Amino acid sequence: MEPRIRVQEEPFDAAAEMAALSEGRTDVGGLASFIGLCRADDGLAALVLEHYPGMTERAIGRIVAEAVERWPLTGCTVIHRVGRIRPGEGIVLVLAASAHRAAALESCGFLIDWLKTRAPFWKREEFADGDDRWVEARDTDDAAAARWDAPRP
Amino acid sequence: MRILYFAWLRQKTGIAEETVSPPETVRDVAGLIAWLAVQSPGHADAFAQARQVRAAVNQEFARPGDPVAPGDEVAFFPPVTGG
C-alpha cells in the first residue's frame, strides 16, 4: 500500500481522489473520508496556512505510517492545502480505505485527529475589515488526539 | 546552528531564518531559548510567552530538555493549528 501524501496550494478534487483508491480493485469494502472546510466565522475573508516545508511531509508520513501499523488499510490519502483558502473551500482531505468499515472509519478519525495536533501547520485568519489573527490551538483537539494514545485491544 | 521561526514567532522576531553560534554553555532547547531571547527586542517579544512556544530539532518535535548542537536545524513556533 503506497499512501498518497501531498501538501499543495491548489484545491483538491475529493471525488477523483476517492476514485483513485477503489478503481480497478475488488478488495476495498469501505472508504472513509474527512474533508476539513474553511468556515466564514465572524466575517472571515480567508484563512492563510503556513507550514514547515520538509518537516510537514515527514510528520504526515509518520502519522500515516502509524495508521497503517494499527489498521489493515488498502489505501490512504492525505492532502493538506497551504496558502490562502477562502470560505467554502477545502483545507484538508483524509481518505482511508480498507476491506471493512471499522478500519476505514477509525483510521480516518485517527488521521485527522493526529494531523491537527502533530503536523506543523499554522492558520492565520484574515477578516474583511483588514484585521488578522493567528488561530490558537484548542484543548479539545489535544483531547481528541489523546484518545488514540491508549494501546488498542 | 540554523534557526527557523514560524507564524507569530516569525512576525515578532522579524525574521524567518538565521544562523547563530551560541556559546558552548547552550546545550539544550531551553538554554537556546534563553540565549536567543536576549538577542534583540523582537526575539524577547517572540519568546516572552514561553508556554506558547514549541520547538523542533532537525525537524522532530523537541522538549525543553532535548539537546541542541552546532549544525542542528532548530525551529520555533506556536502550538500547531492545521487540519
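Worth pointing out:
- Residue under evaluation A:Met18, criteria (1) more than 12 Å from chain B (Cβ to nearest Cβ); (2) surrounded by 16 or more Cβ atoms within 10 Å (Cβ to Cβ); (3) outside any helix (DSSP H, G or I), criterion not met: (3)
- The residues of the range A:39-61 that are closer than 16 Å to A:Leu115 by Cβ and touching a residue at least 24 places away in the same chain (Cβ under 8 Å), listed by number, are A:Leu47, A:Leu49, A:Glu50, A:His51, A:Tyr52, A:Met55, A:Thr56, A:Glu57, A:Ala59, A:Ile60, A:Gly61.
- Whichever residue in the range B:23-57 is among the polar types (S, T, N, Q) and over 23 Å from A:Thr56 (Cα atoms) and, among such residues, is modelled with the lowest pLDDT: B:Gln49
- Close contacts from the range B:58-83, counting a first residue that is modelled with pLDDT under 95 and a second that is assigned to a loop (DSSP other than H, G, I, E, B) and of a type in the set (Phe, Trp, Tyr), with Cβ to Cβ under 7 Å and a gap of 6+ residues or different chains, come to none at all.
- Enumeration of residues in the range B:21-55 that are assigned to a loop (DSSP other than H, G, I, E, B), in contact with a Phe, Trp or Tyr (Cβ under 8 Å, 6 or more places away or on another chain) and closer than 20 Å to B:Ala7 by Cα: B:Ala37, B:Val53
- Just one of the listed residues (A:Gly109, A:Gly36) is surrounded by fewer than 21 Cβ atoms within 10 Å (Cβ to Cβ), out of contact with any Phe, Trp or Tyr (no Cβ under 9 Å at 6 or more places or on another chain) and of a type outside the set (D, E, K, R), namely A:Gly36.
- Criterion applied to B:Val74, B:Val80, B:Val29, B:Val53 was being farther than 26 Å from A:Val92 by Cβ, buried (at least 16 other Cβ atoms within 10 Å of the Cβ) and within 14 Å of chain A (Cβ to nearest Cβ), and the one residue passing it is B:Val74.
The values are calculated or read from the model by the stated rules, or taken from the named source; none is laboratory data. These figures come from a predicted structure and were not determined experimentally. Glycine gets a Cβ as well: all are built from the backbone with ideal geometry, and neighbour counts include every protein chain shown.
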